[in-house]
1. With all pairs of different alpha carbon atoms counted, what Kirkwood hydrodynamic radius in Å does the range 7-248 show?
2. Cα convex hull of the range 261-410: how many Å³ per residue?
3. Which peptide among 207-214, 14-21, 182-189 comes first, and what is the full order, when sorted by highest mean count of other Cβ atoms within 10 Å?
4. Along each of the three principal axes of the Cα atoms of the range 1-50, give the extent in whole Å, ordering the values from largest to smallest.
5. Hey, fewest Cβ within 10 Å first, where do M132, M138, M351 land in order?
6. Using a 10 Å cut-off on Cβ atoms, rank the peptides 304-316, 145-157, 41-53 from the highest mean neighbour count down.
7. Starting with the highest mean, order 293-302, 256-265 by the number of other Cβ atoms within 10 Å, averaged over the residues of each peptide.
8. Taking Cα atoms of the chain, Rg/Rh with Kirkwood Rh, to two decimals?
Amino acid sequence: MSNTRIFVTGIGATSPIGGTASESWAALLDGASGTRTLEHDWVEQYQLPVTFAAEAKVRPETVLDRPIAKRLDPSSQLAMVAAKEAWADAGAPEVDPERLGVEFATGIGGVWTLLDAWDTLREKGPRRVMPMTVPMLMPNAAAGNLSLHFGARAYARTFASACASSTESIVNALEHMRAGLADVVIAGGTESAIHPITIASFASMQALSRRNDSPETASRPGSIDRDGFVMGEGAAVLILETEAHAKARGAKIYAELVGGGVTADSYHITANDPEGTGAARAVRLALDMADAAPDEVTHVNAHATSTPVGDPNEYVALKTVFGDRVDEMPVSATKASTGHLLGGTGALEAMFTVLALRDRLAPPTINITEPDPAVPFRLSGDAVPLGDGDQLAISNSFGFGGHNAVVAFRSV
């Protein structure tokens, strides 16, 4: 594999705290919370034990043209919104279609389309099921529709590794671009799975916070009184370009994507390894690819879901790699503001990491009432300056199935 340099030249997002990348970043720095009480009849209809989530702040169907929105599941709608913003932000690069690729991810896919179609079948019969049901619900729908919209013919790959999905899509983009398969890649992830069945399932698993009386403070990674994660919704996209392609057209550059690591725990289908072996190895692989030492890392965007077990396990993994220095580095746990976007979370947090390097500012972590001694990260309720000079940051994602994915970015 070559050492071709890969740059981030465009970003886009639609999230629980903003309808665009810039709105999401500004809200994150302001300490906003995207978690709100759900205003849907089905919450009461099914007597759900959790009555809140972090829905996308701007509904995608209000942004997209109606003909486009109608043929897309909400997860693909969100992907399209974020990708169109990122593409425009990159200056709509001119590229040979056979050198333009899509690496996209989702953890669950078109759950709304699937279950709405099931209701239609039961209530109205097979003749009323939409012909486009399968193309809308399939997990590769977002990647396929982005390929069609932007004319990407190099490839359109889909990754589904639970909450590590979109970080893995970025790692694979890096590997494939260094292998010479594309000059420009649309990479990211999406999720729109705030649905009665997923809320009921996660709640039955005892994985969700139950702070129904105070939803905006429910996600509290690193706080001793955390009681579970908050379901989130949204999408984020990075436009990645080879150095030669970006510089030939004079593209603006946010950061350099320098490394990525993907491993598996082989420990448990829903719990991560308490010794953090696989997660630590993913961090080391990312740093090895970046040709960097652990001492060079200046900022971490932690996976930090706000679960009682997951947060300490991540600390153990990072302590293995960084030693006592992990207690001094600025660490951000941005799910406190956005909730957990499942398959879309890694891309959103990668984008936040890129912007942290651009602005040399680690975003705040809200809702910490009392730090947990078992999670002694340097989490701050205020944004923390990263300082001058070269900056190297990583973003972590870990998913059901034992998936671990880490990306590393360097300032430019």
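1. In the range 7-248 this quantity evaluates to 18.8 Å.
2. That works out to 96 Å³ per residue.
3. In decreasing order of mean packing, 207-214, 14-21, 182-189 become 182-189, 14-21, 207-214.
4. 55, 31, 15
5. M132, M138, M351
6. Result, highest mean Cβ count within 10 Å first: 304-316, 145-157, 41-53.
7. In decreasing order of mean packing, 293-302, 256-265 become 256-265, 293-302.
8. Reported Rg/Rh (Cα atoms, Kirkwood Rh): 0.95.
Rule-based calculations on the coordinates, nothing more; no lab input. This structure is a prediction, so every number in the text was calculated from the model and none was measured. Glycine also receives a Cβ, built like all others from the backbone with ideal geometry; neighbour counts cover every protein chain displayed.
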